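Please read the structure below before turning to the comments.
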Ligand code: SF4
């Protein structure tokens, strides 16, 4: 049996593509070409297939998972439920505390959303630290995640050239990608090649067998807007695109992570275009945060950057919560971050997909003071429904509702 890419290359509509297209009311036939070309992917979960990339709307991922400081399975399951309820497209389990395998199994059982993991996290915990890692163990961890039913894995493909470029950089914050730092630290400690490059053929075999989407990690994302988009990031961009080409040639779906972290706002569209002009693959962006100074409100800084990134062509966002940089988020913070990023994805899509239709539909309801219709068209219907009147003008202008006044006065002239 062929992979999704191979089926699409033969002109077939893979069932997962059909399901993903139907969820968005799209005709799957024109999307076959994008899948075959690698410009779109389908993440296949146990209960839902999600299209990411060209032809699909921009998607939003939510990170959940325990840490070594706080590990509460019920709390993480509650966050997964919040993410699903408020419209996340995918989940990523970043657990590093408690029984990681049990947490992953519980999330997989409870959620309909495709699940991504970062296998190096669990490899570090299970090995007893970075210094105890070896390449076989890292590969085995990836293999077990794939066999357990995750949809996608983040692999940091940092090579020695990228680390040399980092060594020459004048960054304030060095590397802020956790998975990237662990992978690079393993390489520096062991003197060995990146484990996912050393075992690349095995990685491809596992990904093919379980239809895992490989998400190429953004180790060199900036931790400050001063660092973002530097020479090390440029070296990683070229490296990740080369690896993405190799994944695609193996019939393995791939997403490239880039332009994430902290990036000055004028550099965001430039960064996105550099990726998009050099490769067809879906671009996954964590953030980007357009300022370092919004700490405590990073869902706002991140959603501003994300709207710019999607309008320039990014396909997939990782939501940032108000707890970014300061702690593990609560369920409420997950919700706040997700809604901010759903808004960002939609704003970006008005440019990326070139359509104002959804906004026009809400405005038509607003013109009629149709609150029920506005709730149905809103990105956060739950939040809106508790705040609007049943009918007529709202409390902002009351009797002097501009919409009502103009409607009355225009109708007098009819
Ligand atoms: S009262 Fe004012 S804010 Fe409310 S619907 Fe009318 S114009 Fe809009």
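So here's what we get for this one:
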{"item": "Residue match in the stretch 363-370 (condition: within 9 Å of the ligand (Cβ to nearest atom) and surrounded by 13 or more Cβ atoms within 10 Å (Cβ to Cβ))", "result": "yes"}
{"item": "All helices (runs of 4 or more DSSP H) inside the stretch 291-380 with 2 or more residues being free of Cβ contacts under 8 Å to residues at least 60 places away in the same chain and in contact with a strand residue (DSSP E or B) (Cβ under 6 Å, 6 or more places away or on another chain)", "result": "298-312"}
{"item": "Those residues of the stretch 371-404 which are exposed (fewer than 11 other Cβ atoms within 10 Å of the Cβ), within 30 Å of residue 83 (Cα to Cα) and more than 9 Å from the ligand (Cβ to nearest atom), in sequence order", "result": "386, 387, 390"}
{"item": "Some residue of the stretch 319-340 being buried (at least 24 other Cβ atoms within 10 Å of the Cβ) and closer than 21 Å to residue 227 by Cβ", "result": "yes"}
{"item": "Some residue of the stretch 64-80 being touching a residue at least 40 places away in the same chain (Cβ under 8 Å), crowded, with 20+ Cβ neighbours inside 10 Å and in a helix (DSSP H, G or I)", "result": "yes"}
{"item": "Checking residue 407 against (1) within 16 Å of the ligand (Cβ to nearest atom); (2) at pLDDT 95 or above, the condition it does not meet", "result": "(2)"}
{"item": "Condition check for residue 18: farther than 28 Å from residue 383 by Cα and touching a residue at least 60 places away in the same chain (Cβ under 8 Å)", "result": "no"}
{"item": "Some residue of the stretch 46-55 being assigned to a strand (DSSP E or B), over 18 Å from residue 319 (Cα atoms) and in contact with a helix residue (DSSP H, G or I) (Cβ under 9 Å, 6 or more places away or on another chain)", "result": "yes"}
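The values are calculated or read from the model by the stated rules, or taken from the named source; none is laboratory data. Just so you know, these numbers come straight off a predicted model, no measurement behind them. With ideal geometry, Cβ positions are generated from the backbone for all residues, glycine too; neighbour counts draw on all protein chains shown.
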